[in-house]
Amino acid sequence: MRRIALLGGSFNPFHNGHAAMAEAALDQLKPDELWLIPAKQPPHKPSYGKITDESRLEMLNAYAQKRDRVKVSTEELTAEGFTYTADTLERLNKRFPDYTFTFLIGGDSLAGFDRWYMPEKIVKFAEIAVCTREGYDLTAAKKLIEGLKESIGGRYRLLSFSNVDVSSTEVRKLIKSGKDFRHLVPAEIADCIEKNKLYSAENTGYSLKELEEKMQAALPDKRFKHVLGVRDTAVKMAERFGCDAEKAAKAALLHDCAKPLDAEILINLCLQNNIPVSEEEKRDKLTAGSLLHSKAGSVLARNIYYIEDEDILSAIYYHTVGRPEMTLLEKIIFTADFIEPSRTQPSDPPLEAIRQAAFENIDLAVFYTADSTVKYLTEKGCFIDPATVKTRDFYKNTVYGTK
């Protein structure tokens, strides 16, 4: 029975803090091997810059080749779609039935561990080793572990390692600003970064063409056609009302980027990013898919597609249910999503009237869109998000005044 320690993460880049955790695990767990598992663009964590999987693998392999018992696993990089720890551990247990696995997490992750995606599955397939820095409150950690045992079960161990005050964010900032960073990462990692000019200022962000290609690859054909329709409509509206057309195009291209995700993934993605999830959304998968994809989409836009502009992110976030006092870009994406040319859904007033209003009085178009949505959902007996009702009422008052 081989014993394997697993250390997963974005490793973007791998730094001395990661190295300290790996060394502590090798020393205190004494596994047969320690596997480094780079995640494939985890949707809940930023990946910063157009760093390829191959670049991260090159860095990790350079580090592993100089250390005994350290290997690099491509288990998550070769998996289809977004990957989560629970699914990775299940696959590893099926592939290696004679192995036992211990999964490493940082002490800072312990308090929110029960909010990870399917934590019960994680603890079913692996022992959890909590790596605590010097000065960490072990009494508090033990109390958290007891609570986790009661709520999700599992086996836990506490490891200690030297306090290394470093983060991937700090490393990236130093590199981007042209400052020395080598003291924060293993030498092999630093050599790879310098050789390939990783994390430099020019190596961030996607062009509109690249975003279009990303969405074509990520979305079904019918959804991609809709996205292009929203983009074209949003750009025309932006030009009509004096909004930034490039922002409108980016927001439109990415507004449905989370649409293909399952309801459970959407829920966990929102919870991991402190986005409220209603009981109705937790209870009904169709409701969750309809309402949460916009909120989760803003997370993916920031973390995977490198959008830092808050105006674009908020337009994605609110494009489904809206809100009172929307920004101009939010109004444009909210309306364009409803009226783009391939849309044929019934509405009151008819779509052509809303399309006309969208280029004459955008507040009226927002009211029509929200009102039609409320009427349609009421007729179908579907859940109506209170935010959509508030949006309708606010813009009705804006257009017509209080009566």
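The values are calculated or read from the model by the stated rules, or taken from the named source; none is laboratory data. These numbers were taken from a predicted model, which means no experiment stands behind them. Because the Cβ atoms are built from the backbone with ideal geometry, glycine has one as well, and the counts that use them run over all protein chains shown.
Quick notes on this structure:
- Among the residues making up segment 146-168, those that are of a type in the set (S, T, Y) and either surrounded by 14 or more Cβ atoms within 10 Å (Cβ to Cβ) or at pLDDT 90 or above (or both) are S151, Y156, S160, S168.
- Of the helices (runs of 4 or more DSSP H) contained entirely in segment 237-336, those carrying at least 3 residues that are in contact (Cβ under 8 Å) with a residue 60 or more places away in the chain and not basic (K, R) fall at 245-254, 263-272, 285-303, 310-317.
- Against the list (1) modelled with pLDDT of 95 or more; (2) more than 22 Å from E330 (Cα to Cα), the condition G381 fails is (1).
- Test: residue in segment 143-164 that is over 30 Å from K124 (Cα atoms), under 23 Å from the mean Cα position of the chain (by Cα) and not aromatic (F, W, Y): no
- For segment 188-202, the criterion of being under 18 Å from P341 (Cβ atoms) and either in a helix (DSSP H, G or I) or outside the structural domain of S290 (by TED's automatic domain parsing) (or both) is met by none of the residues.
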